[in-house]
Amino acid sequence: MTTTGCDVLVVGLGVFGAATTWALSQRGATALAIDAHGPTHRHGSSHGDSRIFRRAYREGAHYLPLLNRADQLWNELEQSHGDPLLVRSGGVFVGTAASGVVEASRRTAEAGGVPHELWNGTELAEHYPWFGSAPDISALYEPGAYAVLATRARLAMLDAAVHHGVPLRFGTEAVDVRPGRNGVTVRLGSGEDVVCDAVVLAAGPWMPKLPSAGLTEVLQPMRVPVYWFRPDPRLGTNGFPVFLYETPEGGVLYGLSEWSGDERLLKIGFHDLQNRPGDPDGTTPEVPPEFRKEIEAAIDRLFPGVRPEPVAWRTCFYTMSPDGDFIVDTAPEAPSVVRVSACSGHGFKFAPAVGECAAALALGETPAVDLTSFTAARFAGRG
Ligand SMILES: Cc1cc2nc3c(=O)[nH]c(=O)nc-3n(C[C@H](O)[C@H](O)[C@H](O)COP(=O)(O)OP(=O)(O)OC[C@H]3O[C@@H](n4cnc5c(N)ncnc54)[C@H](O)[C@@H]3O)c2cc1C
């Protein structure tokens, strides 16, 4: 049996593992990074063309330090990569007067000095006619919000890591992770052992299947449908913002535009409805017809400039923590096991900052951002 040694082994090359590997490579660490699947597979959470980045964060001002750092690093990545990775579209966060989306986004924007404007429904429709102008809606406009070109950006991080000398191995599964007194031994599917000072577990919806992560009872992978719609071309094809829209019934839609060949489509999904427990190794079930009807009805009511029938749909995974916040920490009994997970369906935008923190934890350094809000200790007693 072969044994390989390195400072840090990264398990999982979704966006969090890729970002951690990039950060390790920039620090000159001797790292190895593996993924059970191929570089652009669709079984986890990070595939697809785009993700939303916003700082007027309705989820809370405690995310601002990570958001600010991630914003800086996305821009640095784009600059060093050379090709566009960000679509600077601006963002609108919409709802009725009673909507938590508008008010909570405003609170964080004010706390963090994030440039923004508050619009009524007429102003929203003047700027973005796809939304219509229901009299009782309002919107927070964040000019600095953007879309991250998801697969391109993740691959750009991996390119940079390889350029700095970190080997990547795809089709390579970690089947056993054993922390000991002198580091961690990770058994690969091939029977090879990797002995390292620290391991970063960034296995997305597979985290509950890694007993050494100690999060099996805490995390719940959820299968989530996402849909593509055709906007009315008479309303123009440029300048569609990233958005959240809290429906009058209380569900939150997210959306952004993507190119499909020469055609611009809108990718839209419910953030918080239609999510069902799922197994990333199980077969992919069809999106139930009643889910398609539900979103069709919402698009019909809220978006007069968008054809309500979806032209395509697919599922993806959210890995949910009990409170919808992240876990970025070290395992309580094994400080050489770093856990990066539970991004609860809103983690992509944070990846470069979270990766930088995970790299610091793996190297025994203090992370640049305070992670107190993101340790699993807050679920003490659950596993
Ligand atoms: C439809 C959808 C829309 C989203 N929209 C947004 C958005 O707009 N903005 C935003 O910020 N976030 C968004 N998110 C959330 C974001 O995409 C996720 O938080 C993020 O991609 C999670 O990445 P990950 O690296 O944790 O997991 P994954 O991407 O699933 O990566 C985990 C990797 O680990 C590998 N792996 C697992 N087990 C092992 C093992 N034992 N050995 C080796 N490798 C292993 C897997 O093969 C996989 O490649 C969205 C998510 C979905 C599903």
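Here, each number is a calculation from the coordinates, and none is a lab measurement. As the structure is a computational prediction, the values presented were derived from the model and not from experiment. All Cβ positions, glycine included, derive from the backbone under ideal geometry; neighbour counts span all protein chains shown.
Worth a mention:
- Simple point charges give the picture: +1 on the Cβ of Lys and Arg, -1 on the Cβ of Asp and Glu, and for segment 20-65 a dipole about the Cα centre of about 200 debye.
- Its Cα centre serving as origin, segment 67-217 has a Cβ charge dipole (Lys and Arg +1, Asp and Glu -1) of approximately 500 debye.
- Panel order for Asp49, Asp281, by other beta carbons found within 10 Å of each beta carbon, from fewest to most: Asp281, Asp49.
- Computed label-point distance, nm, for sites Glu123 and Asp370 using a 7 Å Cα→Cβ extension: 3.3
- Against the compact-protein benchmark of 2.2 N^0.38 Å, the Cα-based radius of gyration of segment 217-345 scales to 1.24.
- Cα-centre dipole for the chain with unit charges at Cβ (Lys and Arg positive, Asp and Glu negative), debye to 20: 260
- Binned Cα-Cα distances of the chain, short to long, each 10 Å bin given as a whole percent: 5, 24, 33, 24, 11, 3, 0
- Relative contact order [Cα under 8 Å, 6+ residues apart], the chain, whole percent: 24
- GNM flexibility winner over the chain from Val328, Val287, Val242 (Cα, springs under 10 Å): Val287
- Within straight-line cross-link reach of Lys293, aspartates and glutamates at Cα separation under 14 Å, skipping those fewer than 8 residues along the same chain: Glu309
- Segment 233-302: Cα Rg divided by the 2.2 N^0.38 Å rule of thumb: 1.30
- Computed over the Cα atoms of segment 23-176, the ratio of the radius of gyration to the Kirkwood radius (Rg/Rh) comes to 1.07.
- Given their separation in residues at 0.36 nm each and the Cα-Cα distance between them, Ala111 and Val175 gain 18.6 nm when the chain is fully extended.
- Among Glu126, Glu356, sorting on how many other beta-carbon atoms sit within 10 Å of each Cβ, with the fewest leading, yields Glu126, Glu356.
- With viscosity 0.890 mPa s and temperature 25 °C, the Kirkwood radius over alpha carbon pairs of segment 77-127 converts through Stokes-Einstein to a diffusion coefficient of 185 µm²/s.
- Cβ-based exposure ranking for Lys209, Lys349, in which fewest neighbours within 10 Å come first: Lys209, Lys349
- For segment 318-383, alpha-carbon Rg over 2.2 N^0.38 Å: 1.05
- Spin-label model, Ala297/Asp193: points 7 Å from Cα along the beta carbon direction are separated by 5.9 nm.
- Excluding same-chain neighbours fewer than eight residues apart, the lysines reachable from Lys209 by a Cα-Cα span under 28 Å are Lys349.
- Placing unit charges on each Cβ (+1 for Lys and Arg, -1 for Asp and Glu) gives segment 53-177 a dipole about its Cα centre, and among Leu124, Thr108, Phe93 the Cα reaching farthest toward its positive end belongs to Thr108.
- Segment 123-170 and segment 299-364: distance between their alpha carbon centers, rounded to Å: 14
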